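The values are calculated or read from the model by the stated rules, or taken from the named source; none is laboratory data. If you're wondering where the values come from, they're calculated on a predicted model, not measured in any experiment. Cβ placement follows ideal geometry from the backbone for every residue including glycine, while neighbour counts extend to all protein chains displayed.
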Amino acid sequence: MPSAPPVLSTEPGPSTRPGAWTAMILVIACAAQFMVVLDVSIVNVALPDIKASLGLSPAGQQWIVNAYTLGFAGLLLLGGRAADLVGARRTFLAGLCTFTAASLACGLASDGATLIAARAVQGIGGAVLAPATLTMIMTTFTEPRARTRAMGAWSSVNGVGGAAGALVGGLLTEYTGWRWVFFVNVPIGIAILGAALFYAPAAHGSRGGLSRLDLPGALSVTVGLTALVYGIISTESSSWASPHVWAALALGTVFLAAFVGIESKVAAPLVPLAVLRRRTLAIANLVMIGLGSAMFAMWFLLSLYTQQVLGFSALKTGLCFLPGCLAVIVGARTSTHLVRRTGPRPLLLTGMALSTFGFLWLSRIAVGGTFTTDVASPFVLCALGLGLAMLPVTAAATTGIDRREAGLASGLVNTSRQVGGALGLAILAAIASHTAGGHVSPGVQALTAGYGRAFLFAALFTACAAFGSLFLPGRPTPAVPGPTPGGPE
């Protein structure tokens, strides 16, 4: 910790003690990212308590997760561009304040509609905050080896945050009540805000940054994704032939097509379509969609299986996820040490192969299953594969990207994970619901059959991700160009 406040500029002077200064930026960025990722999964263990307290339907339970995920996914691209055009510091602070205030509103919610709406705002805050964390890292750590270590820490936080969410959620739900899975963000957010005001570099974005943000593009992609997910979730209570299901899917398709049209015409698009011609970036994002589709649903389905079928308490369910959390850490640390030597492809193939095998194992869950055989062992394989894959796919997506587009690249890869997560959760939960509804056996047997079928399709998603990774570089990834000294953010 420096003895005097550092000079907040793009070029820290000798008095700022660059080592401690950059270390604090990494801590701030990773802490904020951890909080954002944690909230994707922290509610899963609390869902049965929330359902009972607020009188939610099964579809309402999904919307508590998906409202956050869709707000996150739909506006991550806007958040990425804001980090480039407005500046990472201002974007980070705006996102952090929104996220913290929405967390407070979630904890105070008195009905399901209010909670779901607050979760959507929380997701919007996360969408602004998350890409700013990676942009701060990429523009602070310019030496290739230091950047790899910093990105490794950031990627580890992504994996550990998802895995730790269930454990933290279980502890809070068991001892303080479900509202504290949201309230816990408030003191943490305030602490990060204080540190960011002191340490975050006060670099500036492009001239006229706010006026150049593509709001029509952000609105069209958010509405499109929400309509698609709504249509898929609706199939749990209606058939695929229902008019309102087709109307929702058609509306989503129209808005996503409109998004493509908008991006081809506006002066400062969220996604310059030319960037998608970069083969490695495009493939890495497709791989991330497959990875996110399986992994987000895993936390949700396993939480319900352990509580509804195995009869575990919220705390015991949270503890069940501890081995997976440790496996993510091991996988992330391993990939950090190996990715510069092997390139992303071997690590991604290995990670997705492990996850695919783990999901195939999970598909065999039974009503009288045990923690070791039916949960811990396959879950550890899935989590280890996730840890191995997160850094390589992120590194592949940002390879060769100019620092002025760092926010765009990070926004794209984060968006792909969230889009995959929202669609994957909707699809796999619908599969589980349809399988359970059509099962001849009542109660927990039907639920177990539904969860098993969903895990089988999750294995298909990770197998597709493994296939896509075959087309990524098989050699060490070159360093992302560093920032130009004194250049604009």
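Couple of notes before you dig in:
- Index of the failed condition, Trp240 passing every other in (1) part of a helix (DSSP H, G or I); (2) modelled with pLDDT under 90; (3) under 22 Å from Leu428 (Cβ atoms): (1)
- Residue within region 336-359 that is basic (Lys, Arg) and farther than 30 Å from Thr398 by Cβ present: no
- Of the criteria (1) modelled with pLDDT of 65 or more; (2) crowded, with 24+ Cβ neighbours inside 10 Å, which one Ala449 fails: (2)
- Yes/no for Leu251 being in a helix (DSSP H, G or I), modelled with pLDDT of 90 or more and surrounded by fewer than 19 Cβ atoms within 10 Å (Cβ to Cβ): yes
- Flag for Ala113 being assigned to a helix (DSSP H, G or I), closer than 23 Å to Leu93 by Cβ and among the small types (Gly, Ala, Ser): no
- Total residues in region 347-365, condition surrounded by fewer than 18 Cβ atoms within 10 Å (Cβ to Cβ) and either among the acidic types (Asp, Glu) or more than 23 Å from the chain's Cα centre (by Cα) (or both): 2
- Taken across region 10-28, residues that are at pLDDT 90 or above and in contact with a Leu (Cβ under 8 Å, 6 or more places away or on another chain) do not occur at all.
- Residue check, Pro272 at pLDDT below 90 and not assigned by TED's automatic domain parsing to the domain that holds Gly123: no
- Annotation note: Cβ proximity below 6 Å between a residue of region 264-287 that is under 20 Å from Leu391 (Cα atoms) and a residue that is modelled with pLDDT of 75 or more and of a type in the set (S, T, N, Q) (sequence gap 6+ or interchain) occurs for Asn285/Ser416; Val287/Ser469.
- A residue that is crowded, with 18+ Cβ neighbours inside 10 Å, closer than 27 Å to Ser335 by Cβ and of a type in the set (D, E, K, R) cannot be found anywhere in region 171-184.
- For Leu219, the conditions (1) in the same structural domain as Gly123 (by TED's automatic domain parsing); (2) within 17 Å of Gly79 (Cβ to Cβ) all hold with the exception of (1).
- When the test is whether a residue is under 13 Å from Ala132 (Cβ atoms), in contact with a Gly (Cβ under 8 Å, 6 or more places away or on another chain) and modelled with pLDDT of 75 or more, Leu38 does not pass it.
- Residue in region 111-139 that is nearest to the chain's Cα centre (by Cα), counting only those that are buried (at least 24 other Cβ atoms within 10 Å of the Cβ) and among the hydroxyl-bearing types (Ser, Thr, Tyr): Thr133
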